[in-house]
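The values are calculated or read from the model by the stated rules, or taken from the named source; none is laboratory data. The structure presented is a predicted model; accordingly, all values stated were derived computationally and were not measured. Glycine also receives a Cβ, built like all others from the backbone with ideal geometry; neighbour counts cover every protein chain displayed. Each accessible area value is taken on the protein alone, full model and side chains, heavy atoms only, with ligands, DNA and RNA left out. Shrake-Rupley method; radii C 1.70, N 1.55, O 1.52, S 1.80 Å.
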Amino acid sequence: MALLQVNTFSQALSRIITFHIILPNDAPPEMLAGNSNYDRPMKTLYLLHGFSGSTQDWLTGSLIQELALKYNLAVVMPAGENSFYLNGKGTGRGYETFTAVELPAYCQKTFGLSDKPEDNFIGGLSMGGFGAIHTALKYPEYFGKMFGLSSALIVNGIKGMKPGSHNDIADYDYYTQIFSDLDKLDESENNPEYLVTERLKKEEKIQPIFMACGSEDFLLNENHEFRDFLLKNKVDFTYKESTGIHDWKFWNEYLEPAIQWLIE
């Protein structure tokens, strides 16, 4: 297995960026024997970190290296800063474009990975769960499935915030910088619910979604809201909930089930 740190220039972010990639290109014979995951070409998972995180979070907090090898899965871990993986105003803030378009194109060209949507997945935790779901919904031509663990699906909670206000995570100015006009989120492409609604109007099939959230997680209500929205709109989704908070113990409990779901 190769674990690489890549430093390269990003047009979307106007600077040299760093990401990590796992390539299970040298699995030992004892792992290959009877492992049907190696009877097919390698698939790719773009794995997104949470708020205040970095490109190394999944490497230090989870068993993703072991799982990448077990499931013949290339895993790409970019740094999204605190962007929610959305495009911001101004030069060098194209986090959405970088994550959804530029990074996959670079990895496919450089490492020979498949560009077929059925071979490409995106997942994440907390802010990265939001980013994964939003990115896949907006770019279905690139990602066949998506998953979010304890996803920060906070759009409904920040609608209509006023100048000078804040919640436990951030303030009005931050949310406005990230999501733009907070009074117009119902009709914003930064809102996953809006993306689903607009695609369904066009009679497009929504890719399958996997969600998991702990029953003691502070984002539980937000996950329930999005789950119920998907159910109402008859979107193909899988939802899991069990005892847990917003921590690596819970995320590690569901990382392998999410990967198994992706490749089934």
Legend entry - Calculated FRET efficiency for the pair SER165/LYS109, C-beta based, R₀ 35 Å, to 0.05: 0.20
Legend entry - Compactness of the chain as Cα Rg over 2.2 N^0.38 Å, two decimals: 0.97
Inset, instruction - With a Förster radius of 25 Å, plug the Cβ-Cβ distance of GLU66 and LYS205 into 1/(1 + (r/R0)^6) and report the FRET value to the nearest 0.05. - result: 0.15
Inset, instruction - Treating cross-link reach as a plain straight distance, find the lysines whose alpha-carbon is under 16 Å from the alpha-carbon of LYS249, omitting any fewer than eight places away in the same chain. - result: LYS240
Inset, instruction - Enumerate the residues in segment 78-120 having an amide nitrogen under 19 Å from the point lying 7 Å beyond the Cα of ASP39 toward its Cβ. - result: 119
Legend entry - Rounded to 5, percent antiparallel among DSSP beta bridges of segment 139-264: 10
Legend entry - Computed lengthening from LEU4 to SER242, 0.36 nm per intervening residue step minus Cα-Cα distance: 82.3 nm
Inset, instruction - Place the peptides 183-196, 232-245, 78-91, 142-155 in order of packing, highest mean first, counting for every residue the other Cβ atoms within 10 Å and averaging per peptide. - result: 142-155, 78-91, 183-196, 232-245
Legend entry - For segment 124-168 versus segment 226-252, the gap between their alpha-carbon centres in whole angstrom: 13
Legend entry - Accessible surface, segment 123-264, averaged per residue in Å² (probe 1.4 Å): 46
Inset, instruction - May I ask you to order 159-165, 112-118 by the average number of other C-beta atoms within 10 Å around their residues, highest value first? - result: 112-118, 159-165
Inset, instruction - Kindly provide the helix-only [θ] at 222 nm of the chain, computed as the sum of -39,500 (n - 2.57) over DSSP H runs of four or more divided by all residues, to the nearest 500 deg cm²/dmol? - result: -9500 deg cm²/dmol
Legend entry - Of all DSSP beta bridges in segment 6-133, antiparallel share, percent nearest 5: 50
Inset, instruction - With r as the distance between the Cβ atoms of ASP173 and GLU225 and R0 = 22 Å, compute the FRET efficiency 1/(1 + (r/R0)^6) and round to 0.05. - result: 0.35
Inset, instruction - Return, ordered by residue number, the residues of segment 157-176 whose backbone nitrogen is under 16 Å from a label point located 7 Å along Cα→Cβ of GLU187. - result: 160
Legend entry - Relative contact order (%) - criterion: Cα under 8 Å, at least six apart; region: the chain: 16
Legend entry - Paramagnetic reach from ARG15 (point 7 Å along Cα→Cβ, amide N under 16 Å) across segment 62-94: 78-94
Inset, instruction - Take the cross-link list LYS116/LYS232; LYS162/LYS232; LYS109/LYS234 and give me the ones stretching past 32 Å between alpha-carbons. - result: LYS109/LYS234
Inset, instruction - Rounding to the nearest 20 debye, state how big the charge dipole of the chain is about its Cα centre with +1 on each Lys and Arg Cβ and -1 on each Asp and Glu Cβ. - result: 500
Legend entry - Share antiparallel - DSSP beta bridges, the chain, percent rounded to 5: 35
Legend entry - Members of LYS43/LYS138; LYS70/LYS138; LYS145/LYS202; LYS89/LYS201; LYS43/LYS70; LYS184/LYS205 lying beyond 24 Å, as alpha-carbon distances in this model show: LYS70/LYS138; LYS89/LYS201; LYS184/LYS205
